[in-house]
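> Let me begin by handing over the structure; questions about it come next.
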Amino acid sequence: MTTIFRSGTTSDATACGTICYEAFKAIAEQHNFPPDFPSAHIAVALLSMLLSRPDVYSVIAEIDDRIVGSNFLWEGDTIAGVGPITVVPGAQNGSVGRQLMERVLERAHTRQHVGVRLVQAAYHNRSLSVYTKLGFQAREPLSTLQGPPLNLELPGYRVRPATLDDLAACNELCLSVHGHDRHGELTHAISAGTARIVEHGARITGYATDIGFFSHALGKTNEELKALIGAAPAFAGPGFLLPTRNAELLRWCLTHGLRVVQPMTLMSCGLYQKPAGAFLPSVLY
C-alpha cells in the first residue's frame with residue numbers, strides 16, 4: 001500500500017482527532033497509564049485548533065484515501081516543537097510514524113530552525129527508538145504532576161497576569177536561562193489571558209504561559225516556580241511537566257499534595273543549552 005502525505009486542513013480535524021485519542025489511549029493502557037486525552041471530543045478540539053493556526057505546520061498521512069496519521073510542527077519561535085504525532089493503531093509499527101517525523105524535520109530544516117524538540121512518553125520504547133535514530137538526544141527526564149490547586153502565596157514573590165509590556169523582560173529572562181526566547185508562544189499566551197509573571201525585588205524574575213501540559217514556565221530560582229505553581233487556578237490537561245532531577249522542587253510539589261501521573265523525556269536535535277535556571281517545559285519542549 002502506498003502512503004500519501006499532504007498538508008492538513010480544518011476539515012481533517014475529526015478524523016485526525018479521533019485517531020489521536022485512540023492512539024494515545026491504546027499505548028497508555030498497554031502500560032497501565034491514563035490516556036493524555038480523556039475523550040475523543042477533546043482531542044478533536046485540540047487538532048481543530050492546530051489545523052487552523054498559521055504558525056503550526058501539519059502533515060497528514062493517507063492510505064487508500066483514508067487518514068491514518070498526522071504530525072505537527074510548531075514554527076512560531078527559534079526552536080520548533082513537534083507534536084502530537086499519532087498513527088491509527090492498526091497502522092502502527094510500520095513506517096508511517098517515521099515518515100511523518102521525517103517530513104516535519106525536513107520542514108524545520110527548510111525553514112532554518114536552529115533546533116527541534118519534543119517530549120515523549122518514557123514508557124513508549126518504540127517512539128524513543130525512532131526519535132533517537134532520527135537524531136534526537138534525550139536531554140531531561142520529566143515527571144507529569146497533577147492535583148488540586150494549591151492556592152499558595154510565597155512571601156516576597158508577587159504573581160500577576162502578564163501583559164505585552166512584560167514581553168521584553170520575559171524574553172530576556174528566557175534567553176538567559178535557555179539561550180533563546182519563546183516570544184511567539186508567550187505572546188499567544190498573553191493574548192489568551194493565561195500568562196503570568198513573578199516579581200521579586202521589584203523585578204520580573206519568572207513567568208509562565210500557564211501551568212499545564214502545553215505550557216512552559218521559568219525563573220531565576222525554584223522560588224519563582226513555586227510561586228507560579230502555588231498561584232495556578234488549575235493544572236491544564238494531564239498536568240504540568242517538571243524536570244525529575246530538580247529534586248527540591250519535585251519534593252515541594254509532592255509535599256503539597258500533588259502526584260506523579262507519568263514519566264516523560266525531553267528530547268532535542270540541533271541547538272540545546274543546559275538551562276541556567278529553574279524551568280518547567282511544555283509537552284513540546
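> I'd like the full set of residues that are within 30 Å of Leu175 (Cα to Cα) and buried (at least 19 other Cβ atoms within 10 Å of the Cβ), limited to the range 77-92.
Asp77, Ile79, Ala80, Gly81, Val82, Gly83, Pro84, Ile85
> Here are Ile79, Ile63, Ile42: which of them is aliphatic (A, V, I, L, M), more than 30 Å from Asp181 (Cα to Cα) and either over 18 Å from the mean Cα position of the chain (by Cα) or at pLDDT 95 or above (or both)?
Ile63
> Would you point out the residue of the range 252-273, among those that are part of a loop (DSSP other than H, G, I, E, B) and out of contact with any Lys or Arg (no Cβ under 7 Å at 6 or more places or on another chain), that is farthest from Leu225 (Cα to Cα)?
Checked the range 252-273; the qualifying residue farthest from Leu225 (Cα to Cα) is Leu271.
> While we're here: Let me spell it out: the conditions are (1) within 18 Å of Ala276 (Cα to Cα); (2) in contact with a His (Cβ under 9 Å, 6 or more places away or on another chain), and Ile229 meets all of them except one. Which number is the exception?
(1)
> Output the number of residues of the range 200-219 satisfying the condition of being in contact with a Gly (Cβ under 9 Å, 6 or more places away or on another chain) and over 14 Å from Phe240 (Cα atoms).
6
One line per residue, one yes/no per condition, for (1) in contact with a strand residue (DSSP E or B) (Cβ under 6 Å, 6 or more places away or on another chain); (2) farther than 18 Å from Asn151 by Cα; (3) crowded, with 22+ Cβ neighbours inside 10 Å:
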{"position": "Ala169", "(1), (2), (3)": "yes, yes, no"}
{"position": "Leu186", "(1), (2), (3)": "no, yes, yes"}
{"position": "Ser191", "(1), (2), (3)": "no, yes, no"}
{"position": "Ala195", "(1), (2), (3)": "no, no, yes"}
{"position": "Ile211", "(1), (2), (3)": "yes, no, yes"}
{"position": "Ser215", "(1), (2), (3)": "no, yes, yes"}
{"position": "Lys226", "(1), (2), (3)": "yes, no, yes"}
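> Strands (runs of 3 or more DSSP E) wholly in the range 126-217 with at least 2 residues that are outside the structural domain of Gly83 (by TED's automatic domain parsing) and more than 19 Å from the chain's Cα centre (by Cα) - which ones?
Per the criteria, 158-161, 196-200, 203-208.
> Of the residues Asp36, Asp64, Asp55, Asp12, which is out of contact with any Pro (no Cβ under 8 Å at 6 or more places or on another chain), touching a residue at least 24 places away in the same chain (Cβ under 8 Å) and surrounded by 17 or more Cβ atoms within 10 Å (Cβ to Cβ)?
Matching residue, one of Asp36, Asp64, Asp55, Asp12: Asp12.
The values are calculated or read from the model by the stated rules, or taken from the named source; none is laboratory data. None of the values given here were measured: they were computed from a predicted structure. Note that we place each Cβ from the backbone using ideal geometry, even for glycine, and neighbour counts take in every protein chain shown.
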